[in-house]
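Presented below is the structure to which this report refers.
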Amino acid sequence: MNKIAIFIILGVFAVVAIIYYSFDGIAPNRDFPGAKNVQIDNKWDMPIVLEEISGISWMDNEHIACVEDEEAIIFIYNTKTSEIEKQIVFGEDGDYEGIALAGKDAYVLRSDGVIFEVLDFQNDSLVINEYSTGMSKNYEWEGIAWDKKRNRLLLSIKDKADKESKPIYSFNLRTHTIEEKPAYEIKFNDPAFKILEQELNHQIIEPSEVAIHPLTGEVYVLEATNPKLLILNSNGSIKKLHVLREEQFGQPEGLTFDDKGNLYISNEGSGGLGNILKVTLDKK
């Protein structure tokens, strides 16, 4: 190897070293327009098997049901012992994005729009049904929530939409079919989005999860790409937009409430440990 080649290689290493130490070995966090800190009341670091935790659903004062991206397993996580108490296998490996509990039954959403119904999911003898939205070629499905009042599931999509709004669909639990007309539509030109200082198109909100507040009936829509939390009134109008700081919410994928209305958000690990956070929002 000649001297010129050696000097070039050493120069490349020097530049890389300068960049690395300038950021203490960590890529800088992005501050999104309007981002604010929120209060973190509690934090649970997930075991390595839940590094890619993608959905959570509150069970009781000690347990949260979780799913992760790649395996068809419902994990029962104990918040008191900080351990996985039980694993329930319901299918084959796939891209699982969310979980919703409806009484004793669990519903898990796969990204292609297939819903897995696990009846009496804690029973040793499982009954599992599969239902399709019939729209798998059009959307990347990311969020699922149980709407107890209307006996339906709410389903959110991440990517595509029309030019003016992004839909949240409903899945009828009596007929096991999706309603053609969206339950809610998030309008891109809503004044709430002005603080984001970006083009008003389908990228203004890319939902990773949806949940319903048990006391108010408000619909919460979470985004992981540019972390934010959108709150809709029960009629679908936007009430509040919370832009989240990335240092607190690296990749927020899961969302749930306990029976008192306390909010929990889970984050994928992105190379580190996933976590579940108990969060108090600024209500101003």
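The values are calculated or read from the model by the stated rules, or taken from the named source; none is laboratory data. On a predicted model such as this, the values are computed, not experimentally measured, just so you know. We place every Cβ from the backbone using ideal geometry, glycine too, and count neighbours over all the protein chains shown. Side chains included, ligands, DNA and RNA excluded: accessible areas come from the protein's heavy atoms. Shrake-Rupley method; radii C 1.70, N 1.55, O 1.52, S 1.80 Å.
I need the fraction of alpha carbon pairs in the stretch 126-188 separated by more than 17 Å, rounded to a whole percent. Walk me through the numbers before you get to the answer.
Working: 758 of 1953 pairs.
The share of Cα pairs beyond 17 Å in the stretch 126-188 comes to 39 percent.
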Quick one: go through the stretch 186-218 and flag any residue whose amide nitrogen is under 15 Å from the point 7 Å out along the Cα-to-Cβ line of N138. 186
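Pairs K187/K228; K181/K240; K166/K260; K166/K194; K43/K260: which exceed 26 Å Cα-Cα? List each step's numbers first, then the result.
Details: K187/K228 16 Å; K181/K240 24 Å; K166/K260 30 Å; K166/K194 17 Å; K43/K260 18 Å.
Listed pairs above 26 Å: K166/K260.
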Lys/Arg +1, Asp/Glu -1 at C-beta; the chain dipole; positive extreme among Y107, M135, T216: T216
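Do you know the relative contact order of the chain, to the nearest whole percent, from alpha carbon pairs under 8 angstrom that are 6+ apart?
On the way: 683 pairs, mean separation 54.5, N = 284.
Worked out over the chain, it gives 19 percent.
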With θ taken as phi - 60° and the coefficients 6.51, -1.76 and 1.60, list the Karplus ³J(HN,Hα) couplings across the stretch 96-109 in order, rounded to whole Hz; mark glycine and proline as x. 9, 10, x, 9, 9, 9, 10, x, 8, 9, 10, 10, 10, 9
Modelled label-to-label distance, N262 and I48, 7 Å Cα→beta-carbon offset: nm? 3.0 nm
Given H placed 1.01 Å from N in the peptide plane, which residues other than close sequence neighbours of G143 have an amide H under 5 Å from its amide H? S156
Per residue of the stretch 114-125, in order, report the coupling 6.51 cos²θ - 1.76 cosθ + 1.60 (Karplus, θ = phi - 60°) as ³J(HN,Hα) in whole Hz, putting x for Gly and Pro. 8, 9, 9, 9, 10, 6, 6, 5, 8, 6, 5, 9
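Got the relative contact order for the stretch 52-119 handy, in percent, Cα pairs under 8 Å and 6 or more residues apart? Don't jump to the answer; show the numbers that get you there.
Details: 152 pairs, mean separation 16.8, N = 68.
RCO, the stretch 52-119: 25 percent.
Can you tell me what the convex hull of the Cα atoms of the chain projects to on average, as an area in nm²? Walk me through the numbers before you get to the answer.
Values: hull surface 74.9 nm².
Averaged projected hull area, Cα only: 18.7 nm².
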Could you check the simple spin-label distance between T175 and S82, using points 7 Å along Cα→Cβ, in nm with one decimal? 4.9 nm
Relative to the first principal axis of the alpha-carbon coordinates of the chain, what is the inclination of helix 3-22, with its axis defined by its Cα atoms, in degrees from 0 to 90 and to the nearest 10? 50 degrees
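Given the alpha-carbon gyration tensor of the stretch 141-284, what are the semi-axes of its equivalent ellipsoid in whole angstrom, ordered largest first, with each equal to the square root of 5 times an eigenvalue?
Square roots of five times the eigenvalues give 22, 19, 15 Å.
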Vicinal HN-Hα couplings computed from phi for the stretch 144-150 (Karplus, 6.51 cos²θ - 1.76 cosθ + 1.60; Hz; Gly/Pro x): 8, 8, 8, 9, 4, 4, 10
For G55, residues with placed amide H under 5 Å, excluding near neighbours: V67
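In Å², and per residue, what accessible area does the chain have when probed at 1.4 Å with the other protein chains present? Kindly include the intermediate steps, with their values, before the conclusion.
Details: 14520 Å² over 284 residues.
About 51 Å² of surface per residue is accessible.
Pull out the extension gain between E92 and N129, defined as 0.36 nm times the separation in residues minus the alpha carbon to alpha carbon distance; nm, one decimal. Mind dumping the intermediate values first?
Details: separation 37, 0.36 × 37 = 13.32 nm, distance 1.33 nm.
Stretched out fully, the E92 to N129 stretch lengthens by 12.0 nm.
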